[in-house]
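The structure under discussion appears below in the form of structure tokens.
The values are calculated or read from the model by the stated rules, or taken from the named source; none is laboratory data. Note that the coordinates shown come from a computational prediction; the quantities given were computed from them, not determined experimentally. Quick reminder, even Gly has a Cβ in these numbers, built from the backbone with ideal geometry, and neighbours come from all protein chains shown.
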Amino acid sequence: MDKWLFGTVLVQVVLTLFIMVLMGKRRFKAAKNRELPFKAFKLMDLTGANEQVITASRNFDNQFQLPVLYLFAVAFALQFGMADFSLVVLGGLFVLSRLAHAFIHVGANHVRLRFAVYVFGALMLLLFWLRLGIAYLLA
């Protein structure tokens, strides 16, 4: 189960790197087209940037919020030898929700759908931590 659980981490890392590249492309395009002054990047003041630049930047920031709690949970699960089928399923569902959230956010950006996917992922993360905590306390 360790490899499957670690696989979910790899998917999350690839997602983060993908969003980083997308964000960079959108920022460079905006600067090249003079939609955003180059000095805006000095302090990362994206005021006046187009929606695509802002959503990619916000989504990249999002990849260092809930996913960080997931990465810590997986590290603990692997360290303590507690990776099991339930954690792989919960972890897989969490990462799938992050994929869906990211593509909704940087795509059509339907706020209600994005929020529902976010809440689902947060619930999967909560259940992951509860399962991990209970397993650790009962070990």
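For the range 76-85, which residues satisfy the criterion of being under 13 Å from TYR136 (Cβ atoms) and part of a helix (DSSP H, G or I)? Across the range 76-85, the qualifying residues are PHE76, ALA77, LEU78, GLN79. Of the candidates PHE64, PHE72, the single residue that is without any contact (Cβ under 8 Å) to a residue 60 or more places away in the chain, in a helix (DSSP H, G or I) and of a type in the set (A, V, I, L, M, F, W, C) is PHE72.
Would you mind stating whether GLN12 is among the polar types (S, T, N, Q) and in contact with a Pro (Cβ under 9 Å, 6 or more places away or on another chain)? Even if it seems obvious, please write down each step before you answer.
Details: among the polar types (S, T, N, Q): yes; in contact with a Pro (Cβ under 9 Å, 6 or more places away or on another chain): yes.
It is true that GLN12 is among the polar types (S, T, N, Q) and in contact with a Pro (Cβ under 9 Å, 6 or more places away or on another chain).
Scanning the range 94-113 for residues that are within 18 Å of PHE72 (Cα to Cα) and surrounded by 18 or more Cβ atoms within 10 Å (Cβ to Cβ) turns up PHE94, VAL95, SER97, ARG98.
Limited to the range 23-39, what total is found for residues that are within 12 Å of ASN59 (Cβ to Cβ) and touching a Phe, Trp or Tyr at 6+ places or on another chain (Cβ under 8 Å)?
Initial filter on the range 23-39 (within 12 Å of ASN59 (Cβ to Cβ)): 23, 26.
Within this subset, residues satisfying the condition of being touching a Phe, Trp or Tyr at 6+ places or on another chain (Cβ under 8 Å) are 23.
Going through the range 23-39 one residue at a time, the tally reaches 1.
Taking each residue of the range 119-139 that is surrounded by 13 or more Cβ atoms within 10 Å (Cβ to Cβ) and looking for partners that are of a type in the set (D, E, K, R) and at pLDDT 95 or above with beta-carbon atoms closer than 8 Å, six or more apart or interchain, yields GLY121/ARG98; ALA135/ASP84. Among the residues of this structure, HIS105 counts as one that is part of a helix (DSSP H, G or I), over 26 Å from LYS3 (Cα atoms) and touching a Lys or Arg at 6+ places or on another chain (Cβ under 8 Å).
With respect to the stated conditions, LEU90 fails to be surrounded by fewer than 16 Cβ atoms within 10 Å (Cβ to Cβ), closer than 29 Å to TRP4 by Cβ, at pLDDT 95 or above and touching a helix residue (DSSP H, G or I) at 6+ places or on another chain (Cβ under 9 Å). Taking VAL88 as the residue in question, decide whether it is without any contact (Cβ under 8 Å) to a residue 40 or more places away in the chain and either of a type in the set (Val, Ile, Thr) or assigned to a helix (DSSP H, G or I) (or both). So VAL88 does not fit the description; no.
Can you go through ALA116, ALA73 and tell me which one is more than 16 Å from ASP2 (Cα to Cα) and either buried (at least 19 other Cβ atoms within 10 Å of the Cβ) or under 17 Å from the mean Cα position of the chain (by Cα) (or both)?
Details: ALA73 fails: more than 16 Å from ASP2 (Cα to Cα).
After ruling out the rest, the residue left standing is ALA116.
In the range 1-50, the residue that is nearest to the chain's Cα centre (by Cα) out of those that are modelled with pLDDT of 95 or more and of a type in the set (Ser, Thr, Tyr) is THR16.
Give the residues of the range 31-51 that are closer than 17 Å to ASN109 by Cβ and not in a loop (DSSP other than H, G, I, E, B), sorted by residue number. The one that is closer than 17 Å to ASN109 by Cβ and not in a loop (DSSP other than H, G, I, E, B): GLU51.
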